[in-house]
Amino acid sequence: MKKAAYLLLIPIAMLIFFFYFQEAVPGGYAYEESNETLTVYSSYQTEIRSYPLDADSAVALAAATLRNIIDRQQTILFQIPSIVLLIIVFFLYRTKIQSRDYMEMSGRIIYWIVLGFFVVTLAYLIYVFFGMTADIETWIERTDSYLEESQ
């Protein structure tokens, strides 16, 4: 049972790592916002760009959109450990979930269908996470062009 407890620590460690180092994840972005600027990071604390947050500029609107897209990407990143936790729990308790009677296969079929659903959900979340990386890069380019036009 101790091995099972160690396996359950994996999603918790993933969640803590993703919370503090989301920009260290490949394709991950983070930002810092102050009263005057929005600073976007990629990789580990590598500054990409700082954008002024003037109240009436197109740059501020694009920076706000960029911030919202990064927030959505981080939300998806935080959902990945919960799906990993469900997969681990299903794998650990497979003998209790599945029927021991080999003549009745319905328990096994339902188990594998649900486990397959969790794996497909995990793959989809990873796909969407990396797809949002392209959206963030597009908005960075767009915000850079707005910044050049305003200067």
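Place +1 on the Cβ of every Lys and Arg and -1 on the Cβ of every Asp and Glu in region 2-150, take the dipole about the Cα centre, and give the residue among VAL114, ILE16, ILE69 whose Cα lies farthest towards its positive end.
VAL114
Quick one: VAL84, VAL114, fewest Cβ neighbours within 10 Å first, how do they rank?
So the residues, fewest neighbours to most, are VAL114, VAL84.
Starting with the fewest neighbours, write out ILE113, ILE69 ranked by other beta-carbon atoms found within 10 Å of each beta-carbon.
With the sparsest Cβ surroundings first, the list reads ILE113, ILE69.
If you rank THR143, THR133 by fewest surrounding Cβ atoms within 10 Å, what's the result?
So the ranking, lowest neighbour count to highest, is THR133, THR143.
Using the crude model of +1 on Lys and Arg Cβ and -1 on Asp and Glu Cβ, and no other charge, please compute the dipole size for region 2-150 relative to its Cα centre, in debye to 20.
1520
In sequence order, what are the phi-derived ³J(HN,Hα) couplings for region 29-37 according to the Karplus relation 6.51 cos²θ - 1.76 cosθ + 1.60 with θ = phi - 60°, rounded to whole Hz, with x for glycine and proline?
With the stated coefficients, region 29-37 comes to 10, 9, 9, 10, 10, 10, 5, 10, 9 Hz.
Ignoring the sites themselves, what is the longest stretch of the chain with no chymotrypsin sites (Phe, Trp or Tyr not before Pro) in a DSSP loop and at most 13 other beta-carbon atoms within 10 Å?
Counting only loop sites that pass the neighbour cut-off, the longest clear stretch is 103-151.
Once fully extended, how much extra length lies between ARG108 and ALA134, figured as 0.36 nm per residue of separation less the alpha-carbon to alpha-carbon distance?
Net length gain for the segment: 5.4 nm.
Read-outs throughout are calculated quantities, based only on the coordinates presented, and are distinct from any laboratory measurement. Note that the structure is predicted; figures quoted are calculated from it, not measured. With ideal geometry, Cβ positions are generated from the backbone for all residues, glycine too; neighbour counts draw on all protein chains shown.
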